[in-house]
Structure formats: structure tokens, C-alpha cells
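Asks: First the structure, which I've put down as C-alpha cells, then a few questions once you've had a look.
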Amino acid sequence: MLARATQRRSKKTPLLIKGLSEFFYHKANVKIGLLVTALFLAYLLLVMLAKATGFEVTGSTIKSLGTSFGFDQADIREFLAARSDNMIEAYIRFNQIWDTLFGLTYGLMYVVWVSVLFKPLAHKTGLLNLLPLNQVLFDWLENYQLEVIAKQYLADGLIASSNAQLASVFSMIKWACSGLTYLLILVGIVMLIARALGNKK
């Protein structure tokens, strides 16, 4: 009985993902793309930058660990040692709340634009428009690990090497996914221009 229930859930999950992909292909357009881009920029400029001031250190070589393509235990220690307990707590809240919401804003923006660019080929590309959500997932995993590390550091001044390595791996995968998304958007733009030129002929 349990096996049957598990099998039913496993069948529903792909259908939900496929339905989400089809929803974006159907609903996404340039107007919505511009709207979510404006939302992304507003959140970045008005919320993210403001909340980051709570843990900023003048002259620090590392502004935020999440902006680096990977980091090691020494980088994390340098980052945390340069900040007071209150600043580290602000950094924890930043990862828990504000950077998590940031992932939703850029993830939505990228999914909409990929859906717009590949809409004419939706029957062939399938779930390709949901690729940017991989970046969001690994961003959230990275945030969670950094939160765990910062809390441990506040509690006993220690940084577990396993947590540091895991956070770094999540960070690198996140940025690799980001690169793939940008490549996908670039390919989509090139194909759009090629179709436009082909229609003129």
C-alpha cells in the first residue's frame, strides 16, 4: 500500500513539473518579461543592497560569500572574524529571508524570458524553460549551509570543514547553472533574430 502511494506521488511530480513548464510557455510574453525584470531590479536595488549594509565591513575583500565562485574554510573564517556577533546575525537573517526571496525574483525573471524566447519551439524544448530553477535550488542550499556555518561560529567559534566544502560546492553549482541560463538566453536571442531575418526574406 505504501509502495503504491509512493508510486502515485512519483507519477504526479513529473506531471506537476510539466504543467508548470507549459503554464509559463503559455502565459509568458515580452510585457510580463519586462514587468518581472522591473520587479527583480527594484528588489535588488531597494531591498537587497539595503539589507546587505547590516553586515558590510569597509575594506573587506569578501562582501558576501554567496557572490564568490566557491570559497574555502579560510575564506569563511576571514569573512566571519571581520564581523561582530550582531553583523553575523544580520548575515544569517539575510540568507534566511532576503536572499531566499531574491532567488524567487531572479528565478521567475529567467523562467519568463526563456519561455518567451523558446515559445515557438516549446513542443521540442519541453522543460528547458524551467532550467533557471536549478540555480534557485542551489542558491537556497548554499544559503542554508552558510546559515548553519554562521550559527556554529557564533556558538563556539568553529567552522566545520565538511559544511564549508558543501557550501562551496553548492555555490559553484549555482554559478554554473547561472552560466547555463545566460547561454540559453543568448541562444534564444540569436534564434529570435535569425527567425526575424528569415521572415523578412
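Asks: LEU121 versus (1) surrounded by fewer than 16 Cβ atoms within 10 Å (Cβ to Cβ); (2) over 30 Å from SER162 (Cα atoms); (3) at pLDDT 90 or above; (4) among the aliphatic types (A, V, I, L, M): which is the lone unmet condition?
Replies: It is condition (3) that LEU121 fails.
Yes/no matrix, rows are residues, columns are (1) of a type in the set (A, V, I, L, M); (2) modelled with pLDDT of 95 or more:
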position: ASP72; (1), (2): no, no
position: PHE79; (1), (2): no, no
position: ARG83; (1), (2): no, no
position: VAL116; (1), (2): yes, yes
position: GLY126; (1), (2): no, no
position: PRO132; (1), (2): no, yes
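Asks: May I pose another question? So which residues in region 153-173 are among the charged types (D, E, K, R) and in contact with a Leu (Cβ under 8 Å, 6 or more places away or on another chain), if there are any at all?
Replies: Correct list: empty.
Asks: Now for a different question. Please state which one of SER178, SER162 is at pLDDT below 95 and either hydroxyl-bearing (Ser, Thr, Tyr) or touching an Asp or Glu at 6+ places or on another chain (Cβ under 8 Å) (or both).
Replies: Checking each option against the conditions leaves just SER162.
Asks: Quick one: which residue in PHE71, PHE40, PHE79 is in contact with a Leu (Cβ under 7 Å, 6 or more places away or on another chain) and outside any loop (DSSP other than H, G, I, E, B)?
Replies: After ruling out the rest, the residue left standing is PHE79.
Asks: While we're here: Give region 105-140 a look and list any residue that's free of Cβ contacts under 8 Å to residues at least 60 places away in the same chain and of a type in the set (Val, Ile, Thr), or say none.
Replies: THR125, VAL136
Asks: Okay, moving on. Conditions: (1) surrounded by 10 or more Cβ atoms within 10 Å (Cβ to Cβ); (2) at pLDDT below 80; (3) hydrophobic (A, V, I, L, M, F, W, C). MET1 meets all but one. Number of the miss?
Replies: (1)
Asks: Within region 53-69, count every residue that is of a type in the set (Val, Ile, Thr) and farther than 20 Å from GLN145 by Cα.
Replies: Residues flagged as of a type in the set (Val, Ile, Thr) and farther than 20 Å from GLN145 by Cα within region 53-69 amount to 4.
Asks: Checking LEU180 against (1) open to solvent by less than 60 Å² (accessible area, probe 1.4 Å); (2) of a type in the set (A, V, I, L, M, F, W, C); (3) over 20 Å from ILE92 (Cβ atoms); (4) in contact with a helix residue (DSSP H, G or I) (Cβ under 9 Å, 6 or more places away or on another chain), which test does it fail?
Replies: For LEU180, the failing item is (1).
Asks: Could you list, in sequence order, all residues of region 77-96 that are open to solvent by less than 70 Å² (accessible area, probe 1.4 Å) and closer than 27 Å to PRO132 by Cα?
Replies: Those that are open to solvent by less than 70 Å² (accessible area, probe 1.4 Å) and closer than 27 Å to PRO132 by Cα: TYR91, ILE92, PHE94, ASN95.
Asks: So, in region 144-173, of the ones that are over 17 Å from ALA74 (Cβ atoms) and aliphatic (A, V, I, L, M), which residue ends up farthest from the chain's Cα centre (by Cα)?
Replies: So the residue we want is ALA155.
The values are calculated or read from the model by the stated rules, or taken from the named source; none is laboratory data. Because the structure is a prediction, the values reported are computed rather than measured. No Cβ is skipped: glycine too gets one built from the backbone with ideal geometry, and neighbour counts run over all protein chains shown. Quick note on the areas: whole protein, heavy atoms, side chains included, nothing else; ligands and nucleic acids left out. Shrake-Rupley method; radii C 1.70, N 1.55, O 1.52, S 1.80 Å.
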